[in-house]
Amino acid sequence: MMLTRTLSSHCSARGKIGFVNRLSASLSPYLLQHAEDPVHWWPWGEDALAEARDSGRPILLSIGYSSCHWCHVMAEESFADPTIAALVNKHFVNIKVDREERPDLDKVYQTAHQLLTGRPGGWPLTVFLTSDAQVPFYAGTYFPPMPQRGLPSFRQLLENLVDVTNNNDLQDLVSEVQQKLSRAFDEPEQPLASGPLQEDVVTAILTLHDDSQGGFGHAPKFPQCSMLQTLLRSSSGREAALFSLRRMASGGLFDHLGGGFFRYSTDDTWTIPHFEKMLYDNGPLLEIYCRAWLLSGDLFFERIARHTAAWLLDEMQSPCGAFYTSIDADSDGEEGACYLWERGEVEMRLGDDFQQFASCFSLDQKPNLGDRWHLRLSDQVPPQWLMQTLADPNLLYSRRSLLAFRSQRLQPQRDEKILTSWNALTIRALFTAAQILDETRYCDAADRALDFVLDAHIIDQRLYAISRNETVYQSGFLDDYALLIDALICSLETSWNTHRLQSALLLADRMITEFEDKVQGGFFFTGLTQEQLVSRPKSYADETLPNGIALASLALLKLFELTGRLSYRDVAQHAIRSAQALVQRWPAAHCEMARAADYLASPPATVIIAVVDQHAAEEMQGVAHSPLPDKATVFCVPASAALKQLDKPAVNGQTTAYVCRAGTCSQPVTTARALQKLLESTTSSVP
């Protein structure tokens with residue numbers, strides 16, 4: 001049974017199960033969207049699986065999420081069709097899954113899709129499984145109501161699969177898929193690479209870079225945050241990263257009125273996005289744009305970072321402090337309807353200021369989506385005039401006026417689940433932004449969100465992945481543990497908190513116990529005490545989130561430097577070695593694993609400052625900090641805590657710094673100049 005925790009006795013009562021469509025009792029907004037379908041949907045669980053086993057009917061598994069546009073389209077075209085519903089109800093056990101609630105199921109069956117089709121998957125994911133062992137025998141994504149572009153109609157597919165399931169040859173395919181799935185997540189341990197892996201990764205990423213429009217490859221173009229972070233760390237890749245970041249933020253991927261980034265661009269020029277906004281994109285992009293400003297001095301990047309942070313705090317932060325999951329692409333039954341403009345309505349709203357706004361945001365050019373415009377910065381504005389133009393008081397007034405007008409339209413729905421892993425990404429980004437942009441309100445927002453996750457999502461020393469409607473549910477996955485530990489370490493760099501250190505250590509110990517693959521190395525995505533699926537997923541590649549094994553390894557290495565616990569280093573080393581072959585084979589897909597490998601091979605400095613005098617500590621902190629991640633990690637610890645918890649005493653009652661690397665710490669120094677010399681003499685080779 002799934003353990004849940006009610007956060008308030010005033011939580012609204014949920015509907016009772018009893019209807020043929022069994023989704024009405026769900027907490028997931030996505031499942032609730034399908035609660036009125038004529039399809040006899042089940043949520044994933046033992047009841048549904050038992051129904052499949054007992055009836056002998058194969059499973060139709062549909063995986064999506066609440067802000068997914070093509071999930072809505074397929075729902076309206078097929079799952080709301082009584083004829084289709086009658087067909088699937090007769091021949092299949094129909095299970096609907098929210099991929100944000102069950103990323104483990106999504107990982108397994110996305111992998112199965114790739115094995116069966118030779119292509120990456122997506123959402124909606126449509127998979128047909130055997131009734132007994134839930135082994136996939138057919139997979140696809142969106143299927144149309146009528147045949148088009150080489151795809152059969154969904155009805156044709158269903159009719160064909162009814163015949164296939166009665167074919168004895170199916171068992172051979174099922175056995176083959178089961179064997180491939182069982183091997184899909186295994187990688188043998190390899191010796192550590194002799195040179196920095198990130199150099200190979202940068203080279204591989206640059207071969208994918210679109211030097212004309214920015215980004216990587218062709219449409220659809222995603223932000224690819226791990227690739228951008230990797231390029232920013234490298235002197236040879238930095239200009240490409242900055243170019244891409246300018247193009248992304250100038251185009252329609254960025255919401256120039258409300259702030260925040262949409263999910264991806266449907267074209268090569270970043271003009272028309274897929275209009276949903278995801279927390280997992282905007283957190284990392286906030287951090288990336290902060291670092292881009294720090295590295296380049298380009299105030300445009302600072303503006304985008306501040307605008308993104310404002311959107312996160314204004315639109316996505318819940319009253320409890322944590323951050324909501326996403327905002328839908330659709331409103332009023334149309335994708336992007338909230339964000340599109342007719343020239344006449346803008347002209348009427350802005351009056352004499354219209355022409356200036358039109359020339360800046362491309363309304364003086366041809367419509368870019370049908371007969372309407374989605375705002376993007378005009379290529380006609382010279383880069384050297386861009387910030388001066390955007391800062392013009394009349395243009396600022398125009399943007400605020402249009403945003404106020406837009407807010408009166410029917411707004412897209414917001415998925416108000418609280419996800420541990422996505423919150424952790426955003427918390428880390430806000431702590432980083434607070435340091436770089438010197439904004440204490442970002443730090444305050446991060447503290448509120450982190451306190452909520454620690455207080456509400458940890459029950460009996462176990463981490464939970466989701467809360468909604470004041471109920472906490474779904475035991476945490478690897479990403480939840482790894483990302484939250486990372487966020488805790490980032491918070492300790494901002495301001496020391498003994499309770500948070502203890503939380504990080506408890507989570508690290510639990511993560512090792514629950515998820516470590518003690519034989520092959522690395523970490524499974526699911527824990528020992530979680531549901532055992534047809535295959536236990538373990539992935540080293542960066543996906544929509546940075547890779548969990550890499551972040552777990554990096555977090556353990558940082559905790560090792562901080563506490564001296566050798567077991568953390570050993571587990572991380574085993575994990576990193578298990579990924580070596582994959583990183584060398586497909587470097588661009590494994591940016592974070594390459595970073596972890598280089599961190600292990602040549603760790604940056606960890607500077608621990610035992611604080612007696614705050615002014616002296618700030619001087620030392622200024623010497624040690626770098627705009628680049630992985631250059632140095634700096635912890636300012638009250639002298640009493642530094643002695644008691646870290647065995648780093650303040651010398652002669654003075655603020656004292658220690659420089660540690662690979663588990664070995666320097667002799668203490670008590671001045672900023674001495675610390676600077678010490679750091680210069682032990683400069684890390686990590687790029």
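The values are calculated or read from the model by the stated rules, or taken from the named source; none is laboratory data. Quick caveat: nothing in here was measured; it's all calculated off a predicted structure. Every residue, glycine as well, gets a Cβ built from its backbone with ideal geometry; the counts of neighbours run over all protein chains shown. Side chains are part of the model used for accessible areas, which takes the heavy atoms of the whole protein and leaves out ligands, DNA and RNA. Shrake-Rupley method; radii C 1.70, N 1.55, O 1.52, S 1.80 Å.
At-a-glance table
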item	result
Exclusive hit being closer than 25 Å to residue 70 by Cβ and assigned to a helix (DSSP H, G or I), set 112, 139	112
Test: residue 303 is touching a helix residue (DSSP H, G or I) at 6+ places or on another chain (Cβ under 7 Å), open to solvent by 10 Å² or more (accessible area, probe 1.4 Å) and farther than 18 Å from residue 386 by Cα	no
Residue count, segment 331-347 (criterion: surrounded by fewer than 20 Cβ atoms within 10 Å (Cβ to Cβ) and in contact with a helix residue (DSSP H, G or I) (Cβ under 6 Å, 6 or more places away or on another chain))	2
Identity of the residue in segment 112-144, open to solvent by 30 Å² or more (accessible area, probe 1.4 Å) and hydrophobic (A, V, I, L, M, F, W, C), that ends up farthest from residue 39 (Cα to Cα)	115
Condition met for residue 131 (of a type in the set (Gly, Ala, Ser) and closer than 20 Å to residue 43 by Cα)	yes
Some residue of segment 465-479 being in a helix (DSSP H, G or I) and modelled with pLDDT of 95 or more	yes
Criterion: more than 25 Å from the chain's Cα centre (by Cα), over 30 Å from residue 120 (Cα atoms) and touching a residue at least 40 places away in the same chain (Cβ under 8 Å) - qualifying residue of 616, 632	616
Residue in segment 314-326 that is in contact with a strand residue (DSSP E or B) (Cβ under 8 Å, 6 or more places away or on another chain) and assigned to a helix (DSSP H, G or I) present	yes
Long-range neighbours under 8 Å by Cβ, at least six apart or interchain, first residue closer than 16 Å to residue 147 by Cα within segment 71-96, second among the acidic types (Asp, Glu) and part of a loop (DSSP other than H, G, I, E, B)	none
Any hit, segment 663-671, residues being among the hydroxyl-bearing types (Ser, Thr, Tyr), more than 20 Å from residue 202 (Cβ to Cβ), open to solvent by 20 Å² or more (accessible area, probe 1.4 Å) and in contact with an Asp or Glu (Cβ under 9 Å, 6 or more places away or on another chain)	yes
Matching residues, segment 388-414, being in contact (Cβ under 8 Å) with a residue 24 or more places away in the chain and under 14 Å from residue 357 (Cα atoms)	389, 390, 392, 394, 395, 397, 398, 399, 401, 402, 403
In segment 348-379, the residues that are open to solvent by 30 Å² or more (accessible area, probe 1.4 Å) and part of a loop (DSSP other than H, G, I, E, B)	364, 365, 366, 367, 368, 370, 371, 379
Qualifying residue in segment 145-162 (condition: among the hydrophobic types (A, V, I, L, M, F, W, C), without any contact (Cβ under 8 Å) to a residue 24 or more places away in the chain, open to solvent by less than 40 Å² (accessible area, probe 1.4 Å) and more than 26 Å from residue 24 (Cβ to Cβ))	yes
Filter result for the condition that a residue is out of contact with any helix residue (DSSP H, G or I) (no Cβ under 8 Å at 6 or more places or on another chain), part of a helix (DSSP H, G or I) and over 15 Å from residue 58 (Cα atoms), over 178, 171	178
Residue 25 vs. criteria of a type in the set (Gly, Ala, Ser), in contact with a Ser or Thr (Cβ under 7 Å, 6 or more places away or on another chain) and not in a helix (DSSP H, G or I)	no
Search result, residues across segment 507-566 that are surrounded by 23 or more Cβ atoms within 10 Å (Cβ to Cβ), among the charged types (D, E, K, R) and part of a helix (DSSP H, G or I)	558, 561
Segment 119-159: number of residues that are at positive phi and either of a type in the set (Asp, Glu) or modelled with pLDDT of 90 or more (or both)	2
Selection count where residues are open to solvent by 10 Å² or more (accessible area, probe 1.4 Å), within 12 Å of residue 549 (Cβ to Cβ) and modelled with pLDDT of 95 or more, scope segment 570-586	2
When residues of segment 380-404 are limited to those that are hydroxyl-bearing (Ser, Thr, Tyr) and under 17 Å from residue 362 (Cα atoms), the one least open to solvent (accessible area, probe 1.4 Å)	398
Search result, residues across segment 44-70 that are assigned to a helix (DSSP H, G or I) and in contact with a Phe, Trp or Tyr (Cβ under 6 Å, 6 or more places away or on another chain)	48, 70
Options 287, 239; residue that is surrounded by fewer than 20 Cβ atoms within 10 Å (Cβ to Cβ), of a type outside the set (Lys, Arg) and part of a helix (DSSP H, G or I)	239
Residue list for segment 419-474, filter: open to solvent by 10 Å² or more (accessible area, probe 1.4 Å) and free of Cβ contacts under 8 Å to residues at least 40 places away in the same chain	438, 440, 444, 455, 460
Some residue of segment 589-597 being in a helix (DSSP H, G or I), open to solvent by 10 Å² or more (accessible area, probe 1.4 Å) and in contact with a strand residue (DSSP E or B) (Cβ under 9 Å, 6 or more places away or on another chain)	no
Count of residues meeting criterion [without any contact (Cβ under 8 Å) to a residue 24 or more places away in the chain and charged (D, E, K, R)] in segment 220-276	1
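Residue-by-condition table, conditions (1) at pLDDT 95 or above; (2) within 28 Å of residue 412 (Cα to Cα):
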position: 38; (1), (2): yes, yes
position: 41; (1), (2): yes, yes
position: 51; (1), (2): yes, no
position: 56; (1), (2): no, no
position: 61; (1), (2): yes, yes
position: 67; (1), (2): no, yes
